[in-house]
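One structure is given below, encoded as C-alpha cells.
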Amino acid sequence: MTIMVQLEIKPEVEAIAGKYRNRLWSKRNPQKVKSLLQAIVGKLPHKAKIILKADGLPDVDIARSTIDTYIQRLKRRYENLILIHPKGFNNEIQQFEKIISKELINRKLYYKRSEHPSLATQIVNAMGYGLARKVAYPDSARVLKLKTCVYCNANYAISTDDVEGYYELDHWKPKTKYPYLCTSFYNLQVSCGSCNKRKSDNDDKKFFRLWVESGKKNRKTFKFFISQANIALYWINCDSSKIDVKLGVEKMNDIVLLNGAENNFRLTKRYKEHNDEAEEVLWKAKAFSRGYFKSLLGGLPGLIASESDRKRFILGTYPDGDDIHQRPLSLMKQDVGKCAGLRI
C-alpha cells in the first residue's frame, strides 16, 4: 500500500497489467473461463426449486433464468473486467446488482434436497482466482515493488503454505460480493494476513484503494508525526516506551479513511509495538549532523553506486515516499526522521 500512498495508473503500469492478463490467460484462456461459467448454469435443474440459504436469514427462491442472466452478462463482460479501472467498478456493480444483489450472491444454493456452493464461490473458481494469486499476480507485484501490506505497511504481504511462499491478496471490492471482479488487476491489493482477515468482506466502510487514475499522480494519504516535546521527553531518560508516534492525514478530506483504518486495523496500537524502530531513527537524527551525513554519503560511492541506495543504507529503509511499499515501517521511519531533523 502501499500503505497510505496511492499509485497512479501510468502507461508502464498498464503494460504490467497487460502481462498479468497474459499470464492468467496462458493458464486459463477466456474460452475456458466462459465454458466453466456456463457449466454453473448447466448443473442447475430446469424445474426443481432453487433456494438461496444463509444462516439466520429467511430462505430466498431464485429462478434458474435469473442465474443464467447473471452468468451470460459475466461471459460478455469477462475480457473487459480483467483490466477495468477502478472508475469503472461502480457501473459494473450497478448492472450486476440489478440481476442478483451482493447480499444474495454468496448464499449457498439448495436444490434437489442437496446443498451446493454459493454462486460467488463457483464463479471465483471458474474465473481462476487461485491461478491469479499464485501464478499471474506475483510477477506483477515484484515488478511494481509491492512487498508490504497496503493497509498497514507494518508487515510483509508474503505468506506460506505447505509448499511455497506466495503474495497474500485482498480484494478492494470483496470477491464474496463482487465475484466478477475477483481477477480484475486493479481490484487486487497485497496485504498481510492480519489486515486481510480484519477487512474480510466488509465493503460498508471506506477502505484504502491502491490505484488512482492517470494524471492524479502518486498521492500520500496518511502521515506519521512525533512532537518535539515527545522527542525531548525521550532524551531525558531514553525510554522507548515514552515514544508517542501519532498517525494523521495529509489532507482533511482523508480523515474518514484514517478513522476507518484505525477502527478496522488498529494502526496506532500496532505501531506502538514498533517504538524501538522509531527510537533508532531518533538515534540517527542525533548522531548524524548534516556534515557527517554528507561525509557518509560521499564515502560510500565505491561501495554503493546509487545515491538513493546510500541513503537507504544510512536510514535503514527506503528514503523515498514512492518506495514505502518495499519494506515494512518505511513511511513511519521516513516521517519520524523528518520530525527529528534527519534530512535524508
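The values are calculated or read from the model by the stated rules, or taken from the named source; none is laboratory data. Small disclaimer: the values here were computed from a predicted structure and weren't measured. Using ideal geometry, Cβ is built from the backbone for each residue, glycine included, and neighbour counts are taken over all protein chains shown. The area values use the complete protein model at the heavy-atom level, side chains included, leaving out ligands, DNA and RNA. Shrake-Rupley method; radii C 1.70, N 1.55, O 1.52, S 1.80 Å.
Coupling constants for the stretch 21-36 follow from the phi torsions by the Karplus curve (6.51 cos²θ - 1.76 cosθ + 1.60, θ = phi - 60°), and in residue order they are 4, 5, 5, 5, 6, 5, 9, 8, 6, x, 5, 5, 4, 5, 5, 5 Hz; glycine and proline get x. In plain terms, the C-alpha convex hull of the stretch 227-283 casts an average shadow of 4.3 nm² when viewed from every direction.
Order MET252, MET127 by their accessible area, 1.4 angstrom probe, all chains in place, largest first. Could you put the intermediate results ahead of the total?
Numbers: MET252 140, MET127 0 Å².
Heavy-atom accessible area, descending, gives MET252, MET127.
Would you grab the residues whose amide H sits under 5 Å from the one on ILE158? Only those 5+ places off in sequence or on another chain, please, with H modelled 1.01 Å from N. When sequence neighbours closer than 5 places are left aside, the close amide H contacts are GLU168. In a reduced charge model with +1 at each Lys and Arg Cβ and -1 at each Asp and Glu Cβ, the stretch 62-112 shows a dipole moment near 180 debye about its Cα centre. Across the stretch 272-277, coupling constants 3J(HN,Hα) worked out from phi with the 6.51/-1.76/1.60 Karplus curve, θ = phi - 60°, read 4, 6, 10, 4, 5, 5 Hz, and Gly and Pro carry x.
Determine the per residue accessible area of the chain with all protein chains present and a 1.4 angstrom probe, expressed in square angstrom. Before the final figure, lay out each step's value.
Numbers: 16560 Å² over 344 residues.
Result: 48 Å² of accessible area for each residue.
Selection among ALA132, ASN91, THR176 by position relative to the dipole of the chain gives ASN91 as farthest towards the positive end (Cβ unit charges, Cα centre).
Counting only protein heavy atoms and using a 1.4 Å probe, the accessible area of HIS171 comes to about 10 Å². Karplus-based coupling profile of the stretch 103-116, in residue order and whole Hz: 6, 9, 5, 9, 7, 5, 8, 9, 7, 6, 6, 10, 9, 9, with θ = phi - 60° in 6.51 cos²θ - 1.76 cosθ + 1.60 and x standing for Gly or Pro. Amide H to amide H distances under 5 Å link LYS147 with GLN326, where only residues 5 or more positions off or on other chains count and H is placed in the peptide plane. Where does the Debye-calculated log10 I(q)/I(0) of the chain sit at q = 0.07, 0.12, 0.14 Å⁻¹, using only Cα point scatterers of equal weight, no solvent? Listed by q, the Debye log ratios stand at -0.37, -0.91, -1.13.
Roughly how many percent of the accessible protein surface of the chain is carbon and sulfur, given a 1.4 Å probe and a whole-percent answer? Could you put the intermediate results ahead of the total?
Values: 8170 of 16560 Å².
Looking at the chain in its full context, I get 49 percent from C and S.
The H on the amide N of PHE222, modeled in the peptide plane, is under 5 Å from the matching H of GLU250, each at least 5 residues off or on a different chain.
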